[in-house]
1. Test of understanding: what is the full-extension gain from Asn364 to Glu458, defined as 0.36 nm times their sequence separation minus their Cα-Cα distance?
2. Nearest 5 is fine: what % of DSSP beta bridges in the chain come out antiparallel, could you say?
3. Could you state the accessible area per residue of the chain in Å², with a 1.4 Å probe and every protein chain left in place?
4. Could you work out the relative contact order of the chain, using alpha carbon pairs under 8 angstrom and six or more residues apart, expressed as a whole percent?
5. Output ³J(HN,Hα) for the stretch 290-307: one whole-Hz value per residue in order, computed from phi by the Karplus curve 6.51 cos²θ - 1.76 cosθ + 1.60 with θ = phi - 60°, and x for Gly and Pro.
6. Per 0.36 nm of contour for each residue apart, how much would the distance between Asp472 and Arg415 grow if the chain were fully extended, relative to their Cα-Cα spacing?
7. What spacing in nm lies between the two simple spin-label points modelled at Ala193 and Ile387, each 7 Å away from Cα in the Cβ direction?
8. Loop-only check: which GluC sites (Glu not before Pro) in the stretch 125-221 are DSSP coil with at most 16 other Cβ within 10 angstrom?
Amino acid sequence: MEQALYPSIDGSREEREQFVGLLEELLTTVDEMKDPDKMTLGKLPDDPYANRDIPQQPGTMKKVIQELKELAQGHRFVNHRYVANASTLPNIPSLLGQVMMTLVNGNNLWDVEGSAAARAEVKLTRMLSEVIGYNPEKSGGFTTWGGQGAVFQSLRLAIARQFPDSNEEGVPPNLYCFASELSHYSLFKAMQATGIGTNHLIRIKTNDDHSMNIEDLQEKMEAVAEKGGIPLYVLASTGTTDTFGVDDVKQVKKVCTNIEAAHQLAPIYLHADSAMGGMYTFFNDYETEENPLGFRNQVIDEIKRLQKKFRHLRLADSLVFDFHKLGQTPYISSLFLVKDRSMFGYVDLNEEETPYVGNRGYGNYHTSYTLECSRMGSSLPIYASLIGMGVEGYQTILAQYLDVNIAFREALKERFSNVAVTNEVSPITTFRFYPGRPMWEAEKEGRMSSEEVTDINEYNSRFAEVLGEARDEIYFGNTSRQRYVAVTDREELESVYVQKFFSISPYTTVDRVPEYIDFLEKQMNAFHKSMQLI
Ligand SMILES: *Cc1c(COP(=O)(O)O)cnc(C)c1O
(Lines give C-alpha, C1' and ligand atoms only; values in the text may rest on other atoms or scores of the structure.)
Protein backbone atom coordinates (compact mmCIF):
# COMPACT_ATOMS: atom_id res chain seq x y z
CA MET A 1 0.00 0.00 0.00
CA GLU A 2 2.67 2.56 1.02
CA GLN A 3 4.83 1.83 -1.99
CA ALA A 4 1.91 2.31 -4.35
CA LEU A 5 2.02 6.02 -3.53
CA TYR A 6 5.57 6.33 -4.89
CA PRO A 7 7.26 6.05 -8.26
CA SER A 8 8.77 2.65 -9.00
CA ILE A 9 12.42 1.93 -8.36
CA ASP A 10 12.82 -0.46 -11.25
CA GLY A 11 11.27 1.61 -14.04
CA SER A 12 8.38 -0.79 -14.39
CA ARG A 13 6.25 -0.03 -17.39
CA GLU A 14 3.02 -0.83 -15.65
CA GLU A 15 3.65 1.60 -12.81
CA ARG A 16 4.75 4.28 -15.25
CA GLU A 17 1.57 3.89 -17.19
CA GLN A 18 -0.44 4.34 -14.04
CA PHE A 19 1.44 7.53 -13.29
CA VAL A 20 1.08 8.79 -16.85
CA GLY A 21 -2.63 8.07 -16.55
CA LEU A 22 -2.83 10.34 -13.52
CA LEU A 23 -0.84 13.07 -15.24
CA GLU A 24 -3.12 12.79 -18.22
CA GLU A 25 -6.10 13.17 -15.95
CA LEU A 26 -4.57 16.23 -14.32
CA LEU A 27 -3.76 17.85 -17.66
CA THR A 28 -7.23 17.05 -18.93
CA THR A 29 -8.74 18.57 -15.82
CA VAL A 30 -6.91 21.84 -16.40
CA ASP A 31 -7.58 21.79 -20.15
CA GLU A 32 -11.28 21.30 -19.57
CA MET A 33 -11.35 24.40 -17.42
CA LYS A 34 -9.70 26.54 -20.11
CA ASP A 35 -11.87 28.95 -22.04
CA PRO A 36 -10.29 31.40 -24.49
CA ASP A 37 -13.23 33.72 -23.91
CA LYS A 38 -12.21 34.16 -20.30
CA MET A 39 -9.06 34.95 -18.38
CA THR A 40 -9.76 32.44 -15.63
CA LEU A 41 -10.04 28.68 -15.36
CA GLY A 42 -13.35 27.06 -14.56
CA LYS A 43 -15.85 28.63 -12.19
CA LEU A 44 -15.49 30.83 -9.16
CA PRO A 45 -13.81 29.00 -6.28
CA ASP A 46 -15.24 27.72 -3.00
CA ASP A 47 -14.81 29.40 0.31
CA PRO A 48 -11.25 28.30 1.26
CA TYR A 49 -12.01 28.44 4.97
CA ALA A 50 -14.85 25.95 4.88
CA ASN A 51 -12.84 22.78 5.46
CA ARG A 52 -9.78 22.78 7.67
CA ASP A 53 -9.17 19.17 8.65
CA ILE A 54 -6.49 16.90 7.25
CA PRO A 55 -8.31 13.72 6.24
CA GLN A 56 -7.81 10.84 8.62
CA GLN A 57 -7.67 8.18 5.92
CA PRO A 58 -5.45 8.17 2.81
CA GLY A 59 -7.33 9.58 -0.17
CA THR A 60 -7.59 8.06 -3.63
CA MET A 61 -5.70 9.69 -6.47
CA LYS A 62 -9.06 10.58 -7.95
CA LYS A 63 -9.76 12.56 -4.79
CA VAL A 64 -6.36 14.27 -4.97
CA ILE A 65 -7.02 15.38 -8.54
CA GLN A 66 -10.52 16.52 -7.62
CA GLU A 67 -9.16 18.66 -4.80
CA LEU A 68 -6.46 20.14 -7.01
CA LYS A 69 -9.09 20.97 -9.57
CA GLU A 70 -11.11 22.74 -6.93
CA LEU A 71 -8.09 24.88 -6.05
CA ALA A 72 -7.50 25.78 -9.68
CA GLN A 73 -11.09 27.00 -10.12
CA GLY A 74 -11.10 30.69 -10.94
CA HIS A 75 -7.33 30.81 -11.34
CA ARG A 76 -6.10 33.40 -13.81
CA PHE A 77 -4.71 31.72 -16.87
CA VAL A 78 -2.30 33.64 -19.04
CA ASN A 79 -3.93 33.75 -22.46
CA HIS A 80 -4.36 36.78 -24.74
CA ARG A 81 -6.79 38.29 -22.21
CA TYR A 82 -4.09 38.73 -19.60
CA VAL A 83 -2.12 41.94 -20.18
CA ALA A 84 -1.52 43.08 -16.61
CA ASN A 85 1.90 42.07 -15.32
CA ALA A 86 5.00 39.98 -15.93
CA SER A 87 3.28 36.71 -14.96
CA THR A 88 4.44 34.36 -17.59
CA LEU A 89 2.87 31.38 -19.31
CA PRO A 90 5.65 28.81 -18.82
CA ASN A 91 6.76 27.25 -22.08
CA ILE A 92 6.69 23.49 -22.66
CA PRO A 93 10.46 22.87 -22.48
CA SER A 94 10.54 24.56 -19.07
CA LEU A 95 7.61 22.44 -17.90
CA LEU A 96 9.54 19.33 -18.91
CA GLY A 97 12.53 20.66 -16.99
CA GLN A 98 10.28 21.28 -14.01
CA VAL A 99 8.99 17.71 -14.11
CA MET A 100 12.54 16.38 -14.28
CA MET A 101 13.47 18.61 -11.38
CA THR A 102 10.79 17.03 -9.21
CA LEU A 103 11.34 13.48 -10.49
CA VAL A 104 14.98 13.42 -9.39
CA ASN A 105 14.32 15.91 -6.58
CA GLY A 106 17.90 17.12 -6.41
CA ASN A 107 19.03 19.50 -3.72
CA ASN A 108 21.01 22.19 -5.47
CA LEU A 109 23.01 22.86 -2.32
CA TRP A 110 25.49 20.10 -3.14
CA ASP A 111 26.23 18.22 -6.35
CA VAL A 112 26.25 14.86 -4.56
CA GLU A 113 22.63 15.50 -3.59
CA GLY A 114 21.63 17.11 -6.86
CA SER A 115 24.01 16.50 -9.72
CA ALA A 116 21.54 17.25 -12.52
CA ALA A 117 20.64 20.71 -11.30
CA ALA A 118 24.22 21.46 -10.22
CA ARG A 119 25.47 20.64 -13.70
CA ALA A 120 22.71 22.70 -15.24
CA GLU A 121 23.62 25.60 -12.95
CA VAL A 122 27.27 25.48 -13.99
CA LYS A 123 26.32 25.35 -17.67
CA LEU A 124 23.80 28.16 -17.33
CA THR A 125 26.29 30.36 -15.59
CA ARG A 126 28.67 29.97 -18.51
CA MET A 127 26.01 30.40 -21.18
CA LEU A 128 24.56 33.55 -19.71
CA SER A 129 27.99 34.98 -18.91
CA GLU A 130 28.69 34.74 -22.64
CA VAL A 131 25.48 36.59 -23.42
CA ILE A 132 26.33 39.40 -20.99
CA GLY A 133 30.02 39.60 -21.78
CA TYR A 134 31.31 38.39 -18.40
CA ASN A 135 34.43 36.22 -18.60
CA PRO A 136 33.03 32.72 -17.98
CA GLU A 137 36.38 31.63 -16.53
CA LYS A 138 35.88 34.10 -13.73
CA SER A 139 32.15 34.57 -13.35
CA GLY A 140 29.90 32.63 -11.02
CA GLY A 141 26.21 32.21 -10.43
CA PHE A 142 23.42 30.33 -8.78
CA THR A 143 19.67 30.17 -8.90
CA THR A 144 17.93 31.97 -6.08
CA TRP A 145 14.63 33.29 -4.83
CA GLY A 146 13.79 35.78 -7.52
CA GLY A 147 14.98 39.24 -8.39
CA GLN A 148 14.47 40.04 -4.73
CA GLY A 149 16.88 37.26 -3.73
CA ALA A 150 19.46 38.53 -6.19
CA VAL A 151 19.31 42.04 -4.75
CA PHE A 152 19.65 40.65 -1.24
CA GLN A 153 22.58 38.40 -2.12
CA SER A 154 24.33 41.21 -3.99
CA LEU A 155 23.99 43.59 -1.04
CA ARG A 156 25.38 40.91 1.25
CA LEU A 157 28.39 40.50 -1.08
CA ALA A 158 28.88 44.27 -1.19
CA ILE A 159 29.03 44.48 2.60
CA ALA A 160 31.29 41.46 3.05
CA ARG A 161 33.65 42.44 0.22
CA GLN A 162 34.34 45.83 1.69
CA PHE A 163 34.10 44.81 5.35
CA PRO A 164 35.16 41.17 5.67
CA ASP A 165 34.92 41.43 9.47
CA SER A 166 31.27 42.41 9.28
CA ASN A 167 30.25 38.74 9.17
CA GLU A 168 31.45 38.44 12.78
CA GLU A 169 31.10 41.97 14.04
CA GLY A 170 27.97 43.21 12.36
CA VAL A 171 27.45 45.88 9.75
CA PRO A 172 29.26 49.25 10.11
CA PRO A 173 26.91 52.15 10.86
CA ASN A 174 27.65 54.60 8.05
CA LEU A 175 26.94 52.66 4.85
CA TYR A 176 24.76 54.12 2.10
CA CYS A 177 23.03 52.63 -0.92
CA PHE A 178 21.71 54.43 -3.99
CA ALA A 179 18.89 53.58 -6.36
CA SER A 180 16.47 55.46 -8.56
CA GLU A 181 13.16 56.55 -7.11
CA LEU A 182 11.50 54.09 -9.50
CA SER A 183 13.59 51.10 -8.44
CA HIS A 184 11.89 47.96 -7.15
CA TYR A 185 11.32 47.73 -3.40
CA SER A 186 13.70 44.73 -3.26
CA LEU A 187 16.54 47.00 -2.16
CA PHE A 188 14.37 48.65 0.48
CA LYS A 189 13.65 45.22 2.00
CA ALA A 190 17.26 44.07 1.71
CA MET A 191 18.36 47.18 3.61
CA GLN A 192 15.87 46.40 6.34
CA ALA A 193 17.07 42.84 6.61
CA THR A 194 20.83 43.44 6.43
CA GLY A 195 20.56 46.01 9.21
CA ILE A 196 21.88 48.92 7.13
CA GLY A 197 18.48 50.51 7.61
CA THR A 198 16.24 52.13 5.02
CA ASN A 199 17.18 55.64 6.19
CA HIS A 200 20.44 54.98 4.41
CA LEU A 201 18.76 54.33 1.07
CA ILE A 202 19.31 57.42 -1.07
CA ARG A 203 16.77 57.78 -3.85
CA ILE A 204 17.88 59.28 -7.11
CA LYS A 205 15.64 61.32 -9.39
CA THR A 206 14.65 59.92 -12.77
CA ASN A 207 14.62 61.31 -16.27
CA ASP A 208 11.63 61.42 -18.62
CA ASP A 209 12.58 57.99 -19.95
CA HIS A 210 12.42 56.64 -16.33
CA SER A 211 16.17 56.09 -16.14
CA MET A 212 18.24 57.34 -13.22
CA ASN A 213 19.36 60.95 -13.44
CA ILE A 214 23.14 60.77 -13.52
CA GLU A 215 23.80 64.32 -12.25
CA ASP A 216 21.57 63.68 -9.27
CA LEU A 217 23.42 60.42 -8.57
CA GLN A 218 26.76 62.20 -8.72
CA GLU A 219 25.59 64.98 -6.39
CA LYS A 220 24.03 62.67 -3.84
CA MET A 221 27.00 60.29 -3.72
CA GLU A 222 29.31 63.26 -3.40
CA ALA A 223 27.25 64.64 -0.52
CA VAL A 224 27.39 61.33 1.37
CA ALA A 225 31.15 60.98 0.87
CA GLU A 226 31.81 64.56 1.97
CA LYS A 227 30.00 63.99 5.23
CA GLY A 228 32.11 60.91 5.90
CA GLY A 229 29.48 58.35 4.91
CA ILE A 230 30.52 55.35 2.86
CA PRO A 231 28.84 54.93 -0.52
CA LEU A 232 28.67 51.13 -0.55
CA TYR A 233 26.31 50.01 -3.25
CA VAL A 234 24.47 51.32 -6.28
CA LEU A 235 21.52 49.53 -7.81
CA ALA A 236 21.01 50.26 -11.50
CA SER A 237 17.48 49.33 -12.57
CA THR A 238 17.69 47.87 -16.04
CA GLY A 239 14.06 47.68 -16.83
CA THR A 240 11.95 49.31 -14.10
CA THR A 241 9.05 47.13 -13.10
CA ASP A 242 6.23 49.35 -14.33
CA THR A 243 7.75 51.34 -17.17
CA PHE A 244 10.84 49.48 -18.36
CA GLY A 245 13.11 52.47 -17.80
CA VAL A 246 16.74 51.39 -18.26
CA ASP A 247 19.46 53.08 -16.22
CA ASP A 248 22.63 53.95 -18.09
CA VAL A 249 24.97 51.40 -16.50
CA LYS A 250 28.03 52.87 -18.22
CA GLN A 251 27.40 56.33 -16.78
CA VAL A 252 26.54 54.91 -13.36
CA LYS A 253 29.82 53.00 -13.34
CA LYS A 254 31.68 56.16 -14.32
CA VAL A 255 30.16 58.10 -11.43
CA CYS A 256 31.17 55.33 -9.02
CA THR A 257 34.75 55.35 -10.32
CA ASN A 258 34.95 59.14 -10.04
CA ILE A 259 33.70 59.16 -6.45
CA GLU A 260 36.07 56.36 -5.51
CA ALA A 261 39.03 58.31 -6.90
CA ALA A 262 38.02 61.66 -5.45
CA HIS A 263 37.50 60.31 -1.92
CA GLN A 264 39.95 57.39 -1.88
CA LEU A 265 37.15 54.91 -1.40
CA ALA A 266 37.11 51.15 -1.83
CA PRO A 267 35.31 49.97 -5.00
CA ILE A 268 31.60 50.74 -4.84
CA TYR A 269 29.48 47.68 -5.61
CA LEU A 270 27.25 47.96 -8.68
CA HIS A 271 24.30 45.57 -9.09
CA ALA A 272 22.24 45.73 -12.26
CA ASP A 273 18.71 44.88 -11.24
CA SER A 274 17.85 43.25 -14.53
CA ALA A 275 14.96 41.15 -13.18
CA MET A 276 12.63 42.76 -15.69
CA GLY A 277 14.92 43.62 -18.58
CA GLY A 278 17.71 41.02 -18.49
CA MET A 279 16.26 38.86 -21.25
CA TYR A 280 16.69 41.74 -23.70
CA THR A 281 20.47 41.14 -23.53
CA PHE A 282 19.64 38.29 -25.92
CA PHE A 283 19.67 40.99 -28.60
CA ASN A 284 23.20 42.16 -27.71
CA ASP A 285 24.64 40.37 -30.74
CA TYR A 286 21.66 40.62 -33.07
CA GLU A 287 22.72 41.92 -36.48
CA THR A 288 20.23 44.72 -36.96
CA GLU A 289 21.50 45.52 -40.45
CA GLU A 290 21.12 42.00 -41.77
CA ASN A 291 18.07 41.42 -39.60
CA PRO A 292 18.10 37.61 -40.06
CA LEU A 293 14.74 37.14 -38.33
CA GLY A 294 13.05 39.71 -40.54
CA PHE A 295 11.60 42.04 -37.90
CA ARG A 296 9.87 45.12 -39.28
CA ASN A 297 11.75 48.44 -39.28
CA GLN A 298 10.01 49.97 -36.32
CA VAL A 299 10.86 46.93 -34.22
CA ILE A 300 14.49 47.07 -35.37
CA ASP A 301 14.69 50.71 -34.29
CA GLU A 302 13.60 49.75 -30.78
CA ILE A 303 15.98 46.79 -30.68
CA LYS A 304 18.84 49.14 -31.59
CA ARG A 305 17.82 51.53 -28.82
CA LEU A 306 17.69 48.69 -26.27
CA GLN A 307 20.99 47.19 -27.47
CA LYS A 308 22.76 50.45 -26.68
CA LYS A 309 21.56 50.24 -23.08
CA PHE A 310 21.84 46.53 -22.39
CA ARG A 311 25.33 46.12 -23.85
CA HIS A 312 26.79 47.83 -20.78
CA LEU A 313 25.37 45.40 -18.25
CA ARG A 314 28.74 43.64 -18.22
CA LEU A 315 30.13 46.61 -16.26
CA ALA A 316 28.03 45.65 -13.24
CA ASP A 317 29.48 43.44 -10.48
CA SER A 318 26.35 41.32 -10.59
CA LEU A 319 22.95 41.03 -12.24
CA VAL A 320 20.02 38.67 -12.50
CA PHE A 321 18.04 36.77 -15.10
CA ASP A 322 14.51 36.47 -13.77
CA PHE A 323 13.36 33.73 -16.11
CA HIS A 324 9.93 33.55 -14.53
CA LYS A 325 9.29 37.01 -15.92
CA LEU A 326 10.27 37.51 -19.57
CA GLY A 327 12.08 34.15 -19.76
CA GLN A 328 8.81 32.15 -19.89
CA THR A 329 9.54 29.59 -17.16
CA PRO A 330 7.64 28.69 -13.96
CA TYR A 331 8.13 30.41 -10.60
CA ILE A 332 10.77 30.53 -9.07
CA SER A 333 13.53 30.45 -11.63
CA SER A 334 16.08 33.23 -11.35
CA LEU A 335 19.80 33.12 -11.95
CA PHE A 336 22.00 35.47 -9.93
CA LEU A 337 25.20 36.10 -11.85
CA VAL A 338 28.42 37.71 -10.55
CA LYS A 339 31.33 38.94 -12.61
CA ASP A 340 33.95 37.55 -10.21
CA ARG A 341 33.11 34.36 -8.40
CA SER A 342 36.00 34.79 -5.94
CA MET A 343 33.63 37.26 -4.22
CA PHE A 344 31.68 34.25 -2.94
CA GLY A 345 34.65 33.63 -0.66
CA TYR A 346 33.61 36.62 1.46
CA VAL A 347 30.34 35.01 2.43
CA ASP A 348 31.21 31.32 2.32
CA LEU A 349 31.00 29.17 5.43
CA ASN A 350 33.93 27.32 6.95
CA GLU A 351 33.82 23.56 6.75
CA GLU A 352 33.24 23.31 10.49
CA GLU A 353 30.03 25.27 10.03
CA THR A 354 28.61 22.78 7.55
CA PRO A 355 28.79 19.40 9.26
CA TYR A 356 25.99 17.91 7.18
CA VAL A 357 27.35 18.32 3.70
CA GLY A 358 30.17 19.30 1.52
CA ASN A 359 33.10 18.74 3.83
CA ARG A 360 33.48 15.11 2.90
CA GLY A 361 35.85 13.82 0.32
CA TYR A 362 33.30 13.60 -2.47
CA GLY A 363 31.52 16.08 -4.59
CA ASN A 364 33.10 19.33 -5.74
CA TYR A 365 30.21 21.75 -5.93
CA HIS A 366 28.93 22.94 -2.60
CA THR A 367 27.13 26.27 -2.53
CA SER A 368 27.42 27.22 1.11
CA TYR A 369 27.75 30.89 0.06
CA THR A 370 24.06 31.23 -0.78
CA LEU A 371 21.57 32.56 1.74
CA GLU A 372 19.50 29.43 1.20
CA CYS A 373 20.50 26.06 2.62
CA SER A 374 18.56 23.55 0.50
CA ARG A 375 17.84 24.96 -2.93
CA MET A 376 15.36 23.80 -5.54
CA GLY A 377 16.85 22.66 -8.83
CA SER A 378 15.31 25.48 -10.84
CA SER A 379 18.37 25.50 -13.07
CA LEU A 380 16.69 22.53 -14.81
CA PRO A 381 13.60 24.35 -16.11
CA ILE A 382 15.78 27.31 -17.09
CA TYR A 383 18.24 25.09 -18.90
CA ALA A 384 15.44 23.21 -20.66
CA SER A 385 13.93 26.49 -21.77
CA LEU A 386 17.23 27.72 -23.21
CA ILE A 387 17.62 24.49 -25.16
CA GLY A 388 14.02 24.48 -26.36
CA MET A 389 13.84 28.16 -27.28
CA GLY A 390 17.41 28.87 -28.37
CA VAL A 391 18.60 32.44 -28.80
CA GLU A 392 16.33 32.91 -31.81
CA GLY A 393 13.25 31.62 -30.02
CA TYR A 394 13.79 34.20 -27.33
CA GLN A 395 14.57 36.94 -29.84
CA THR A 396 11.37 36.14 -31.70
CA ILE A 397 9.07 36.33 -28.69
CA LEU A 398 10.80 39.37 -27.21
CA ALA A 399 10.53 41.16 -30.55
CA GLN A 400 6.86 40.19 -30.74
CA TYR A 401 6.31 42.03 -27.44
CA LEU A 402 7.84 45.16 -28.95
CA ASP A 403 5.80 44.73 -32.10
CA VAL A 404 2.52 44.35 -30.22
CA ASN A 405 3.27 47.34 -28.04
CA ILE A 406 4.07 49.55 -31.02
CA ALA A 407 0.76 48.55 -32.60
CA PHE A 408 -1.12 49.01 -29.33
CA ARG A 409 0.23 52.53 -28.86
CA GLU A 410 -0.65 53.59 -32.36
CA ALA A 411 -4.17 52.19 -32.13
CA LEU A 412 -4.72 53.69 -28.69
CA LYS A 413 -3.79 57.19 -29.78
CA GLU A 414 -5.87 56.85 -32.90
CA ARG A 415 -9.01 55.81 -31.01
CA PHE A 416 -8.82 58.08 -27.96
CA SER A 417 -8.37 61.83 -28.03
CA ASN A 418 -7.95 61.88 -24.24
CA VAL A 419 -4.99 59.58 -23.76
CA ALA A 420 -1.22 59.98 -23.40
CA VAL A 421 1.32 57.18 -23.67
CA THR A 422 3.77 57.72 -20.85
CA ASN A 423 6.74 55.39 -21.38
CA GLU A 424 9.10 54.25 -24.13
CA VAL A 425 8.41 51.24 -26.36
CA SER A 426 9.03 47.98 -24.48
CA PRO A 427 6.92 44.93 -23.51
CA ILE A 428 4.98 47.46 -21.42
CA THR A 429 2.86 50.41 -22.44
CA THR A 430 1.79 52.78 -19.68
CA PHE A 431 -0.96 55.24 -20.57
CA ARG A 432 -2.91 57.91 -18.81
CA PHE A 433 -6.43 59.08 -19.56
CA TYR A 434 -7.66 62.63 -19.07
CA PRO A 435 -11.14 64.04 -18.46
CA GLY A 436 -10.43 66.38 -21.42
CA ARG A 437 -7.36 66.86 -23.62
CA PRO A 438 -4.16 65.06 -22.63
CA MET A 439 -1.96 67.24 -20.41
CA TRP A 440 1.03 64.93 -20.13
CA GLU A 441 3.60 67.43 -21.38
CA ALA A 442 2.44 70.04 -18.86
CA GLU A 443 2.45 67.46 -16.07
CA LYS A 444 5.95 66.25 -16.91
CA GLU A 445 7.23 69.80 -17.01
CA GLY A 446 5.75 70.59 -13.60
CA ARG A 447 3.29 73.16 -14.94
CA MET A 448 0.19 71.75 -13.22
CA SER A 449 -1.04 72.22 -9.67
CA SER A 450 -1.14 69.47 -7.12
CA GLU A 451 -4.93 69.39 -7.29
CA GLU A 452 -4.98 69.13 -11.07
CA VAL A 453 -2.58 66.18 -11.03
CA THR A 454 -4.42 64.39 -8.23
CA ASP A 455 -7.77 64.92 -9.98
CA ILE A 456 -6.38 63.20 -13.06
CA ASN A 457 -4.98 60.47 -10.82
CA GLU A 458 -8.43 60.01 -9.32
CA TYR A 459 -9.95 59.81 -12.79
CA ASN A 460 -7.48 57.06 -13.74
CA SER A 461 -7.86 55.25 -10.46
CA ARG A 462 -11.64 55.14 -10.88
CA PHE A 463 -11.35 54.04 -14.45
CA ALA A 464 -8.96 51.30 -13.33
CA GLU A 465 -11.72 50.11 -10.96
CA VAL A 466 -14.12 49.91 -13.90
CA LEU A 467 -11.54 47.97 -15.94
CA GLY A 468 -10.88 45.70 -12.98
CA GLU A 469 -14.57 44.80 -12.71
CA ALA A 470 -14.43 43.51 -16.27
CA ARG A 471 -11.05 41.79 -15.91
CA ASP A 472 -12.38 38.40 -16.88
CA GLU A 473 -12.87 39.84 -20.35
CA ILE A 474 -9.44 41.51 -20.53
CA TYR A 475 -7.17 42.07 -17.57
CA PHE A 476 -5.22 45.34 -17.78
CA GLY A 477 -2.69 46.39 -15.18
CA ASN A 478 -2.22 49.77 -13.54
CA THR A 479 0.14 51.48 -11.16
CA SER A 480 -0.30 54.36 -8.75
CA ARG A 481 3.36 55.31 -9.01
CA GLN A 482 4.48 55.36 -12.57
CA ARG A 483 6.78 58.26 -11.78
CA TYR A 484 6.86 61.52 -9.86
CA VAL A 485 6.23 64.98 -11.25
CA ALA A 486 6.81 68.43 -9.85
CA VAL A 487 3.77 70.66 -9.24
CA THR A 488 3.36 74.43 -9.18
CA ASP A 489 2.03 74.90 -5.66
CA ARG A 490 3.96 72.48 -3.44
CA GLU A 491 7.50 71.41 -2.72
CA GLU A 492 6.65 67.70 -2.69
CA LEU A 493 6.33 65.76 -5.90
CA GLU A 494 3.11 64.04 -6.95
CA SER A 495 3.07 60.45 -8.14
CA VAL A 496 1.30 59.64 -11.35
CA TYR A 497 -1.42 57.00 -11.78
CA VAL A 498 -1.49 55.16 -15.10
CA GLN A 499 -3.01 52.15 -16.82
CA LYS A 500 -0.69 49.40 -17.97
CA PHE A 501 -0.65 47.02 -20.91
CA PHE A 502 1.88 44.22 -20.51
CA SER A 503 2.30 41.65 -23.25
CA ILE A 504 3.65 38.50 -21.67
CA SER A 505 2.47 35.56 -23.75
CA PRO A 506 2.81 34.49 -27.37
CA TYR A 507 -0.98 34.71 -27.59
CA THR A 508 -0.85 38.49 -27.31
CA THR A 509 -0.46 39.21 -31.01
CA VAL A 510 -0.75 42.27 -33.23
CA ASP A 511 -4.03 40.85 -34.59
CA ARG A 512 -5.54 41.10 -31.13
CA VAL A 513 -4.83 44.80 -30.71
CA PRO A 514 -8.25 45.95 -31.99
CA GLU A 515 -9.91 43.76 -29.33
CA TYR A 516 -7.93 45.48 -26.60
CA ILE A 517 -8.80 48.91 -27.92
CA ASP A 518 -12.50 48.05 -28.37
CA PHE A 519 -12.58 46.80 -24.81
CA LEU A 520 -11.04 50.01 -23.48
CA GLU A 521 -13.50 52.09 -25.48
CA LYS A 522 -16.49 50.11 -24.24
CA GLN A 523 -15.35 50.48 -20.64
CA MET A 524 -14.60 54.17 -21.11
CA ASN A 525 -18.13 54.76 -22.38
CA ALA A 526 -19.57 52.88 -19.41
CA PHE A 527 -17.30 54.87 -17.09
CA HIS A 528 -18.44 58.21 -18.49
CA LYS A 529 -22.06 57.14 -18.28
CA SER A 530 -21.65 56.15 -14.64
CA MET A 531 -20.06 59.51 -13.84
CA GLN A 532 -23.03 61.39 -15.27
CA LEU A 533 -25.30 59.41 -12.96
CA ILE A 534 -23.43 60.56 -9.86
C1 LIG B 1 10.11 41.82 -10.34
C2 LIG B 1 11.26 42.61 -9.98
C3 LIG B 1 12.02 42.31 -8.84
C4 LIG B 1 11.62 41.20 -7.91
O5 LIG B 1 11.74 39.99 -8.56
P6 LIG B 1 11.05 38.67 -7.98
O7 LIG B 1 11.46 37.65 -8.95
O8 LIG B 1 9.60 38.94 -7.92
O9 LIG B 1 11.63 38.46 -6.62
C10 LIG B 1 13.14 43.06 -8.58
N11 LIG B 1 13.48 44.08 -9.39
C12 LIG B 1 12.78 44.41 -10.48
C13 LIG B 1 13.23 45.55 -11.34
C14 LIG B 1 11.65 43.69 -10.81
O15 LIG B 1 10.93 44.04 -11.89
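The values are calculated or read from the model by the stated rules, or taken from the named source; none is laboratory data. Quantities reported herein were computed from a predicted structural model and do not represent experimental measurements. As a convention, Cβ positions derive from the backbone with ideal geometry for all residues, glycine included, and neighbour counts pool all protein chains shown. In case anyone asks, the SASA skips ligands and DNA or RNA and just uses the protein heavy atoms, side chains included. Shrake-Rupley method; radii C 1.70, N 1.55, O 1.52, S 1.80 Å.
1. 28.0 nm
2. 60
3. Each residue of the chain exposes 49 Å² on average to a 1.4 Å probe.
4. Answer for the chain is 19 percent.
5. 6, 6, x, 8, x, 6, 6, 4, 4, 5, 4, 4, 6, 4, 4, 4, 5, 3
6. Gain on stretching Asp472 to Arg415: 18.3 nm.
7. Each label point is offset 7 Å from its Cα along the Cβ direction, giving 3.2 nm.
8. Answer in residue order: Glu137.
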